[in-house]
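Single-structure report; data block below.
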Amino acid sequence: MTQSWPERIVFGRKALTVADRLVAAAGANEACGLLLGPRWRVDLVWPCRNIWLPAEDRPRRFAIDPREQLLAQKWARLRGWEVLGSLHSHPGGEPVPSATDRALAVPPALLVIQGVAEMACWWLPEEAPPRRLVWRMEDSQASCGTRPHAPS
């Protein structure tokens, strides 16, 4: 089967602002979040708490609570969006998928990594090396970058 991937990823300005703040707030630990929006447009970064155990490994590892993932999927579905992928940081390194990132991802997957100096988007296909994607920011009124309250 031929694997298809997006040609580019578009980020709303507010979603990028939330991503930057999420990474800054995590400090020396890996930040993590989910990317939500319509197909290949990130309009919302859903901040998640890094629950990796043991906690002392969080500067090099991250894990998102599965309940958090389900809540984000439900919220997105109610709006006609989807969970496009995940975001995490490499506080001391480059924005390149590590062996652990590749091993723990469920392909195909969109992975956004914030490194020390730049952000990079990656497509992790099944049985192929990671593919770096072009991304751009679009300033749009449709963008919303703050995490919503859970639906009742």
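The values are calculated or read from the model by the stated rules, or taken from the named source; none is laboratory data. On a predicted model such as this, the values are computed, not experimentally measured, just so you know. Neighbour counts are summed over all protein chains in view; Cβ atoms, including those assigned to glycine, are modelled from backbone coordinates with ideal geometry. SASA here: full protein model, heavy atoms, side chains in, ligands and nucleic acids out. Shrake-Rupley method; radii C 1.70, N 1.55, O 1.52, S 1.80 Å.
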Practice problem: Could you tell me what percent of the accessible area of the stretch 1-145 is made up of carbon and sulfur, with a 1.4 Å probe and every protein chain present? | Solution: 53 percent
Self-check item: Placed amide H near LEU84: partners under 5 Å, 5+ positions off or other chain
Solution: LEU35, LEU36, GLY37
Quiz item: Residues with amide H under 5 Å of ALA31's amide H, sequence separation 5 or more or different chain, H placed in the peptide plane at 1.01 Å from N; which?
Solution: SER89
Quiz item: Could you give the length gained on full extension between ALA24 and ARG136, defined as 0.36 nm per residue of separation minus the Cα-Cα distance, in nm?
Solution: 38.2 nm
Self-check item: Solvent-accessible heavy-atom area per residue, rounded to whole Å², over the chain at 1.4 Å
Solution: 57 Å²
Practice problem: Evaluate Rg over Rh across the stretch 94-140, taking Cα atoms for both radii and Kirkwood's formula for Rh. | Solution: 1.01
Quiz item: Which one of GLY33, GLY85, GLY93 has the biggest mean-square fluctuation once the chain is modelled by GNM with Cα springs under 10 Å?
Solution: GLY93
Quiz item: Once amide H atoms are built 1.01 Å from N in the peptide plane, which residues 5 or more positions from ALA109, or in another chain, come under 5 Å H to H?
Solution: LEU124
Quiz item: Using a Förster distance of 25 Å, how high is the FRET efficiency between VAL116 and GLU7, based on the Cβ-Cβ distance and rounded to 0.05?
Solution: 0.40
Practice problem: Work out from phi, with θ = phi - 60° and the Karplus expression 6.51 cos²θ - 1.76 cosθ + 1.60, the ³J(HN,Hα) of each residue of the stretch 106-117, listed in order in whole Hz, and give x for Gly and Pro. | Solution: 9, x, x, 9, 9, 10, 10, 10, 9, x, 5, 10
Exercise. Determine, for each peptide in 41-47, 9-15, the mean count of other beta carbons within 10 angstrom over its residues, then list the peptides with the highest first.
Key: 41-47, 9-15
Quiz prompt | the chain: calculated mean residue ellipticity at 222 nm from DSSP helix runs of at least 4, using -39500 (n - 2.57) | solution = -6500 deg cm²/dmol
